[in-house]
Ligand SMILES: [Ca+2]
């Protein structure tokens, strides 16, 4: 009788424990995945064009023929105890862009990828993607756009802006670090201005996107402490409804003669992987 009772009362407990363990393991498996990293560990004075270092990219930085104004200097940027490597990139304000595809075929990122208009892409509903980089506007108070874009495919030539989806850094209008949904004046366009002036101060900008059916939700933090996920209440901007987008490439560059330092670009599925501390070994 006792045995019979035990089997009825204990078994569900074990099933619950196993279920909990399975949930924990699956959560562990999808969290803390670095999608891509670029620390700009290249030779001094080298053009960024053709450079192919870093982690999680497909191919090299590329652009139209004769790109100028995107080069490397050997002293990298640093921020608090953020893990950093290599030199940094210089954006010289030449209105040129260099592009790079993310590697969407790695098994480690399979759970974050789906098929989109331009092939395999990030931005799957139910996933969260974090993006971080160090940036400084070295020409301040001379201002124009600078930083990077998320892109849904790359088409070189006069129509290259058509696949730009999200602008991170600063745009031509305004004087703060911000977040824009770019749509060439179309209905999907949106702009969320931060509160921190985009001057020479080296900033750690961290963006988070929650991808949902329909519109996405986004946040930007300025100078969050590496190694400690920041609260959304501490975000410098919140974009509650960003028109649906996906991305599988990036571009970098600045215009209007405004110069920027840009470094330590990370894309991943948690704050911890995009803002690791120096002693984390990442
Ligand atoms: Ca670096």
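How many residues are away from the ligand (no atom under 15 Å from the Cβ) and assigned to a loop (DSSP other than H, G, I, E, B) if we restrict to the range 30-50? If you could, list the steps in order and put the result at the bottom.
Applying the first criterion (away from the ligand (no atom under 15 Å from the Cβ)) to the range 30-50 yields 30-35, 45, 47, 49-50.
Add one more test, that the residue is assigned to a loop (DSSP other than H, G, I, E, B), and what stays is 31-33, 45, 49-50.
Matching residues across the range 30-50 total 6.
Within the range 1-24, identify whether any single residue is surrounded by 13 or more Cβ atoms within 10 Å (Cβ to Cβ) and modelled with pLDDT under 95, and answer yes or no.
no
Sort through 180, 137 and tell me the only one that's under 23 Å from residue 39 (Cα atoms) and modelled with pLDDT of 95 or more.
Sole residue among the options that is under 23 Å from residue 39 (Cα atoms) and modelled with pLDDT of 95 or more: 137.
Report, by residue number, each residue of the range 77-95 that is in a loop (DSSP other than H, G, I, E, B), more than 12 Å from the ligand (Cβ to nearest atom) and closer than 20 Å to residue 259 by Cβ.
Scanning the range 77-95 gives 92, 93, 94, 95.
Taking residue 87 and the conditions (1) out of contact with any helix residue (DSSP H, G or I) (no Cβ under 6 Å at 6 or more places or on another chain); (2) modelled with pLDDT of 95 or more; (3) under 23 Å from residue 218 (Cα atoms), which numbered condition does it fall short on, given that it satisfies the others?
(3)
Would you be able to tell me the number of residues in the range 199-215 that are within 19 Å of residue 141 (Cα to Cα) and either over 15 Å from the mean Cα position of the chain (by Cα) or not in a strand (DSSP E or B) (or both)? If you could, list the steps in order and put the result at the bottom.
As a first pass, look at the range 199-215 and keep what is within 19 Å of residue 141 (Cα to Cα): 199-203.
Of the ones still in play, those that are also either over 15 Å from the mean Cα position of the chain (by Cα) or not in a strand (DSSP E or B) (or both) are 199-202.
Number satisfying all stated conditions: 4.
If you check 63, 69, 53, which single one turns out to be within 13 Å of the ligand (Cβ to nearest atom) and either surrounded by 15 or more Cβ atoms within 10 Å (Cβ to Cβ) or modelled with pLDDT under 95 (or both)? Let's see the steps before the verdict.
Working: 63 fails: within 13 Å of the ligand (Cβ to nearest atom); 69 fails: within 13 Å of the ligand (Cβ to nearest atom).
Criteria check complete, one pass: 53.
Restricting attention to the range 252-268, which residues are crowded, with 22+ Cβ neighbours inside 10 Å and more than 16 Å from the ligand (Cβ to nearest atom)?
Quick first cut of the range 252-268, residues crowded, with 22+ Cβ neighbours inside 10 Å only: 252-254, 258, 260, 262-268.
Hits for the range 252-268 are 253, 254, 258, 268.
Say whether the condition of being buried (at least 19 other Cβ atoms within 10 Å of the Cβ), under 15 Å from the mean Cα position of the chain (by Cα), in the same structural domain as residue 148 (by TED's automatic domain parsing) and outside any loop (DSSP other than H, G, I, E, B) is met by at least one residue in the range 224-238.
no
Looking at the structure I just gave you, is residue 105 away from the ligand (no atom under 12 Å from the Cβ), in the same structural domain as residue 163 (by TED's automatic domain parsing), part of a loop (DSSP other than H, G, I, E, B) and farther than 19 Å from residue 48 by Cα?
In short, yes.
The values are calculated or read from the model by the stated rules, or taken from the named source; none is laboratory data. Everything quoted here is computed from the prediction, not taken from an experiment. Positions of Cβ are backbone-derived with ideal geometry, glycine not excepted, and every protein chain shown enters the neighbour counts.
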